[in-house]
Amino acid sequence: MDGRPLRTRSYAPTEVRDAPGSIYGIPRHPTRSLLKLFLASLAVLCALASPVTVLAKSQATSPTGAQAGGAPASGIGVLTRPKTAAEVAWEQQKEAAAKAWMQQTNGGTLVRSHNGIQPAGVIRPSCIIDPNTGQCDIYTVISISGGGEYTPEPTDEPNWCGPGSVTTAMMHWNYNAVVNHGSETVPNNANNGYATYSGAQGYMAWLAAHIYIPADSRYGVNQIPYSGGALVGVLKDGLNVATGTSYYIVHPSSTAADMIANVQADIGRDNHPMIYLAMSGKLPEWGPSATVPHYVQGYAYGFWNSGTYDTNKVYFAETLTHAADNRVLSDGDWSTSYNNMWTAIHATTWDEVIV
C-alpha cells in the first residue's frame, strides 16, 4: 500500500543545526561552498501540480522541457538553448553507468540500508511481516545521507515545487548553506508586489528568481509570474549550478525498470538525491482529481527480499503544503510503489526524471 514512511521531518526556514545528524546510520555528505551552489536549468512542476517524476534526459538534437506548476498543465516547453556535444556525451556516459550498476548489483539492492553501510552481499537477517503477503520477509531501505529532510514552500507561493524540490536536494549537498541563507526579496506569486524570505525559504526564493544560470543566460529557475512554472532543462541546469557540478541530467525513462535503475544508481551508488516530475493526482499525498505536473525530490528506495514493483517503494519529499493547495494532504515524507511512481511519471506524457 502507498503511504508515509515511519519518519517525517520538517525544518523551519530559520532553524540552524551546527552538526546535522545522519539517516539510517549514514554520515551526512560534507558541505560545499554556497557560492558554488547554483541551480542550472530545472524544469519546474509546482504548486498545483501532482506527484513528481524523475526528470528525464532531453533529446540531443531538439531538447524539450516539460513545464510544471501553475494553473493548468501547459504541455511541453522548449529549452532555452540546444545541448552541447559535451553535455550529450556526459548524459550517455551517465546512463551507461546506471545500466552497468544495475547489472552488476542485480538490481542495486546490496549497498546502503537503514542499518548503515552493509558489506557487499550482506542483508540484515531479520524477519518482517510483509503486509502484502502476511509472510516473513526482509525489507531494506537504501537512503541518501540526510534523506527525508525538507523545507516546506511558503504558503503564499503555491508554484514553487521546482525550487522547493531543488532546495530539498541541496539540503543533502550543502545543508548549512541552505538553512543559513540570508534574506531574499523576490516578486510575489501574483507578480504585483514583493515578498521577502530567509533561511531555507530564502534559499528557495533565490533559486526561484535570483540564481544566475550561465548556460541559459537567465536568473531564476522559475518563470515570472510563477504560475508559468519552470522548464525541466532550466531546472536541471540550475541544480548543477547550485551543486557546482555537472552531475544532473534530464532522462526520459521509457519503462519502470529504467526509472528504478536510475533511482538505484543515483541513490544507491552515488548517494545523491534526484527529482521526479510526476502527475500530481497519481501521488498518494494528492487528491486524485489533480492533473498538474509536479516536482518532488527522491531520497530513498526500499525493497522486500521477494518483492515486486508493486510492493517495493520509492521515498520522496513533498514541499507543497495543504495551506497553499488544499488538494495536498500535507507536505512531508511520502512513499509509493515503483509501479505507482512510474505511472505518475508516465501520466505527464514526458516520462522525464532529473537524475
Failed criterion for Val141 (all others in (1) in a strand (DSSP E or B); (2) crowded, with 23+ Cβ neighbours inside 10 Å hold): (2)
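Which residue is surrounded by the fewest Cβ atoms within 10 Å (Cβ to Cβ), if the candidates are limited to region 212-222 and must be among the small types (Gly, Ala, Ser) and in contact (Cβ under 8 Å) with a residue 60 or more places away in the chain?
We begin by selecting, within region 212-222, every residue among the small types (Gly, Ala, Ser); these are 215, 217, 220.
Now narrow it down to the ones that are in contact (Cβ under 8 Å) with a residue 60 or more places away in the chain: 215, 217.
Values: Ala215: 21, Ser217: 9.
Step by step, filter region 212-222, then rank; the result is Ser217.
Taking the options Ala256, Ala261, name whichever one is under 16 Å from the mean Cα position of the chain (by Cα), under 13 Å from Val353 (Cα atoms) and surrounded by fewer than 24 Cβ atoms within 10 Å (Cβ to Cβ). Show your work before the answer.
Details: Ala256 fails: under 16 Å from the mean Cα position of the chain (by Cα).
None of the others qualify; the one that does is Ala261.
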Among (1) within 19 Å of Trp160 (Cβ to Cβ); (2) touching a His at 6+ places or on another chain (Cβ under 6 Å), the one test that Asn326 misses: (2)
Selected residue [more than 19 Å from the chain's Cα centre (by Cα) and among the polar types (S, T, N, Q)] from Asn174, Asn180: Asn180
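Being at pLDDT 90 or above, part of a loop (DSSP other than H, G, I, E, B) and in contact with a strand residue (DSSP E or B) (Cβ under 9 Å, 6 or more places away or on another chain) is the requirement here; does His294 meet it?
Values: at pLDDT 90 or above: yes; part of a loop (DSSP other than H, G, I, E, B): no; in contact with a strand residue (DSSP E or B) (Cβ under 9 Å, 6 or more places away or on another chain): yes.
So His294 fails the test.
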Test for Gly182: is it small (Gly, Ala, Ser), more than 21 Å from Phe316 (Cα to Cα) and in contact with a His (Cβ under 6 Å, 6 or more places away or on another chain): no
Pairs with Cβ under 6 Å, 6+ apart, first in region 223-252 and within 16 Å of Ile211 (Cβ to Cβ), second surrounded by 23 or more Cβ atoms within 10 Å (Cβ to Cβ) and aromatic (Phe, Trp, Tyr): Lys236/Tyr248; Leu239/Tyr248; Asn240/Tyr248; Thr243/Trp173
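The values are calculated or read from the model by the stated rules, or taken from the named source; none is laboratory data. What you see is a predicted model; the values in this text were computed from it and never measured. In this analysis, Cβ positions are derived from the backbone assuming ideal geometry, glycine residues included, and neighbour counts consider all displayed protein chains.
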